[in-house]
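Accompanying notes for the structure given below.
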Protein chains: 2
Amino acid sequence: MDSVEPGDARRRRRTTTRIKEAMRELNNQLALLNHHVGVRLSLRDVDLDCLDLIARHGPLSPGALARRVGLHPATMTGILDRLQRGGWIVRERDPEATDRRSVTVRALRERNAELYGLYAGMNASMDELCAGYDETQLDVIADFLRRAGEAGRRATDELSEG
Amino acid sequence: MDSVEPGDARRRRRTTTRIKEAMRELNNQLALLNHHVGVRLSLRDVDLDCLDLIARHGPLSPGALARRVGLHPATMTGILDRLQRGGWIVRERDPEATDRRSVTVRALRERNAELYGLYAGMNASMDELCAGYDETQLDVIADFLRRAGEAGRRATDELSEG
DNA sequence: ATCAGCTGTTACGGTTTCCGTATCTTACGA
DNA sequence: TCGTAAGATACGGAAACCGTAACAGCTGAT
């Protein structure tokens, strides 16, 4: 019987739990940070989430964005209105496009300095934190974070489909 | 002049940037996951954030929670109403307390299974991901995440004060 | 002891946001 | 060509957010 597991297996499990706990805490803390940043910019949390997606995953349509975030298309219209009013994005309607109904949303860079300024403290802390690790360790961390992000993506997709 | 920096320093900087990028992506993805979980439970994103804080940082007062999250006290009343209606928390008014005005909010465990169930996919993926690292690497990752969370906490505090 | 001032919580009301429905435009298939 | 489907947004009711105020209770000074 294996009621007594090897000590190193138990230690592993504990460390894994510790990692998940730390990730939960980090996630929660970053959500709070984002909220404060949003307040400074007169944007809602979800607005920042959408802006991030637009900036990173290229120009895309309001509908596609709404499906990705899990919001009603009409809600997305309101979000994009706020972002456009603030000069964060533009809606582009290309008369030469294959589908002339579709609108593509593009992130602007005019206010990026302002945005980065609000994250400056966190950014500096991260630089300082990374400076304490050697190259090999940094690679391990970077890879872990990337794969955790992918896992999050998959979990989100499952939840929105099932 | 040092316009030419050593190759390993440049590589370091790139890896650090890659880490910050991956963290941003992870954060955004987890925000989306939380949103979908919230939809299933008829809770707003901020409700889940608050519930997490209450569960992890013990029983505390509505006012303290509002300050922590950066919300108006009246808004917190609405959030706690929703959480209480859903059976996630209870408001306790201890007649024997030092300050009889104060209310403490406590997290219940009745619906925890339901909550964990929604995170089951992500949880399993994280276990799987962690299984690919050795003990030393896991320790490095756990420590990094913990310290990143602390950095987030500091950055948030600075932003809410300054 | 009493009173003034402060803190904690919540009710109330105006403003904003969210989302279901309807509408308009355009694409696609029969 | 016509009917159906899909994309984006206007409209309206419901909900949420937050400023103000009201009430209870603590604290310190006179």
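The values are calculated or read from the model by the stated rules, or taken from the named source; none is laboratory data. Predicted model only: the values in this text are computed from it and were never measured. Cβ: placed from backbone, ideal geometry, glycine included. Neighbour counts: every protein chain shown. Accessible surface is based on the protein model in full, side chains and every heavy atom, while ligands, DNA and RNA are left aside. Shrake-Rupley method; radii C 1.70, N 1.55, O 1.52, S 1.80 Å.
What pairs come out if I take residues in segment A:140-162 that are within 7 Å of chain B (Cβ to nearest Cβ) and of a type in the set (Gly, Ala, Ser) and pair them with residues that are part of a helix (DSSP H, G or I) and open to solvent by 80 Å² or more (accessible area, probe 1.4 Å) whose C-beta lies under 7 Å away, six or more apart or interchain?
Pairs found: A:Ala142/B:Arg18.
For the list (1) open to solvent by less than 40 Å² (accessible area, probe 1.4 Å); (2) away from chain A (no Cβ under 14 Å); (3) assigned to a helix (DSSP H, G or I), I need the number of the one condition that B:Leu26 fails.
Result: B:Leu26 fails condition (2) only.
For segment B:57-77, give me each residue that is surrounded by fewer than 17 Cβ atoms within 10 Å (Cβ to Cβ), more than 8 Å from DNA strand C (Cβ to nearest atom) and assigned to a helix (DSSP H, G or I).
Correct list: B:Arg67, B:Thr75.
Mind checking which pairs have a first residue in segment A:82-104 that is on the phi > 0 side of the Ramachandran plot and near DNA strand C (Cβ under 9 Å from one of its atoms) and a second that is assigned to a loop (DSSP other than H, G, I, E, B) and open to solvent by less than 60 Å² (accessible area, probe 1.4 Å), Cβ under 9 Å, 6 or more apart or different chains?
Hits for this filter: zero, empty list.
Return only the number of the condition from (1) open to solvent by 50 Å² or more (accessible area, probe 1.4 Å); (2) farther than 19 Å from A:Glu25 by Cβ; (3) part of a helix (DSSP H, G or I); (4) in contact with a strand residue (DSSP E or B) (Cβ under 8 Å, 6 or more places away or on another chain) that B:Arg106 does not satisfy.
(3)
Scan segment B:67-79 and give yes if some residue there is in contact (Cβ under 8 Å) with a residue 24 or more places away in the chain, within 11 Å of another protein chain (Cβ to nearest Cβ) and within 29 Å of A:Leu71 (Cβ to Cβ), otherwise no.
The answer is yes; a qualifying residue exists.
Quick one: A:Phe144 ticks every box in (1) over 17 Å from B:Asn27 (Cβ atoms); (2) more than 14 Å from DNA strand C (Cβ to nearest atom); (3) part of a helix (DSSP H, G or I); (4) at pLDDT 95 or above bar one, so which box is it?
(1)
Specify the residue that is farthest from the other protein chains (Cβ to nearest Cβ); the eligible residues are those in segment A:38-56 that are within 13 Å of DNA strand C (Cβ to nearest atom) and either among the aliphatic types (A, V, I, L, M) or in contact with a Cys (Cβ under 9 Å, 6 or more places away or on another chain) (or both).
A:Leu43
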